[in-house]
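Below is one structure, written out as structure tokens, with a few remarks after it.
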Amino acid sequence: GSPPAPAPEEAVPVYLAPYRTEIERSGAGFSATLWGSRDAQRRRFDVMLALLPMHERRVVDLGCGEGDLLSHLLERGVTPSAYVGLDAMAPMLEKARERGLPGARFEVADLLQDDAAITSASPDVACISGTLNTMEPADARTIVARAFDAARLGVVFNFLSDHPHPRWADRPLGPARRFDTLEWLDWALTRSSRVRFDQSYLDGHDATIAILRDD
């Protein structure tokens, strides 16, 4: 008889495909986070920290990759009371666990498909850094809404702004996309009156919004 057909590769959603491709090409690691540079990543983390303090808070990192946010917080002397990293890419979580970061728990979760993952992690603060960039706007909004509803104190997230300095005009973005920044702000203000915003740190290429609970 003929040999068995090879098993089809497990399909991944469109928004996860660029990460899977990069892991297959160069292995789990920084390049598979799809960040342009570590310096820009650190600047984004500092802005998130300025908008929503995380010291002695239960931090849930949505799309945590290899745990760079927690590593950065610890370098800054910020110690969460607990840290849970959620990511759909199991190889990235293996890398994260190998780092032995103190107080960290890493779990595989597709944040769109598993609508209970964020709630069950019980965040004080939910952080979303770079995770939304490959998503459709409606899917990105779903993730942020779930995170805000689950968080005791609030959610902080970043995205590529559609109001950047002209020097970014010819910058290739694929597979990422720019989002309507004013639409994000308007939506955030329907969730709470306590909204913080900053897009000054990379000349408007990137924007960060924190939505804090009114109650």
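The values are calculated or read from the model by the stated rules, or taken from the named source; none is laboratory data. This is a predicted model, so every value here is computed, not measured. Please note: Cβ atoms are built from the backbone with ideal geometry, for glycine as well, and neighbour counts cover all protein chains shown. The area values use the complete protein model at the heavy-atom level, side chains included, leaving out ligands, DNA and RNA. Shrake-Rupley method; radii C 1.70, N 1.55, O 1.52, S 1.80 Å.
Scanning region 164-188 for residues that are over 18 Å from residue 138 (Cβ atoms) and surrounded by fewer than 13 Cβ atoms within 10 Å (Cβ to Cβ) yields a count of 9. Of the residues making up region 150-163, at least one is closer than 19 Å to residue 86 by Cβ and among the charged types (D, E, K, R). Of everything in region 196-215, what is of a type in the set (A, V, I, L, M, F, W, C) and surrounded by fewer than 18 Cβ atoms within 10 Å (Cβ to Cβ)? Give them in sequence order. Across region 196-215, the qualifying residue is only 197. Within region 92-104, the residues that satisfy the criterion of being farther than 13 Å from residue 63 by Cα and not in a loop (DSSP other than H, G, I, E, B) are 94, 95, 97, 98, 104. Residues of region 78-93 that are under 23 Å from residue 151 (Cβ atoms), among the small types (Gly, Ala, Ser) and surrounded by fewer than 23 Cβ atoms within 10 Å (Cβ to Cβ): 81, 82, 88.
Name the one entry in 44, 58 that is touching a Pro at 6+ places or on another chain (Cβ under 9 Å), within 24 Å of residue 117 (Cβ to Cβ) and modelled with pLDDT of 55 or more.
On inspection, the qualifying residue turns out to be 58.
Just the residues that are farther than 23 Å from residue 214 by Cβ and either part of a loop (DSSP other than H, G, I, E, B) or in contact (Cβ under 8 Å) with a residue 60 or more places away in the chain (or both), please, taken from region 138-157. Residue satisfying the conditions is 139 alone. Test residue 129 against the stated conditions and say whether it is out of contact with any His (no Cβ under 8 Å at 6 or more places or on another chain), loosely packed, with under 14 Cβ neighbours inside 10 Å and of a type in the set (S, T, N, Q). Against the criterion (out of contact with any His (no Cβ under 8 Å at 6 or more places or on another chain), loosely packed, with under 14 Cβ neighbours inside 10 Å and of a type in the set (S, T, N, Q)), residue 129 does not qualify. Filtering region 158-215 to residues that are among the aromatic types (Phe, Trp, Tyr) and assigned to a loop (DSSP other than H, G, I, E, B) leaves only 201. Taken over region 64-77, the criterion of being touching a helix residue (DSSP H, G or I) at 6+ places or on another chain (Cβ under 8 Å) and open to solvent by 20 Å² or more (accessible area, probe 1.4 Å) is satisfied by 76 alone. Residues of region 136-163 that are open to solvent by less than 10 Å² (accessible area, probe 1.4 Å) and either closer than 11 Å to residue 62 by Cβ or out of contact with any Lys or Arg (no Cβ under 7 Å at 6 or more places or on another chain) (or both): 140, 143, 144, 147, 151, 155, 156, 157, 159.
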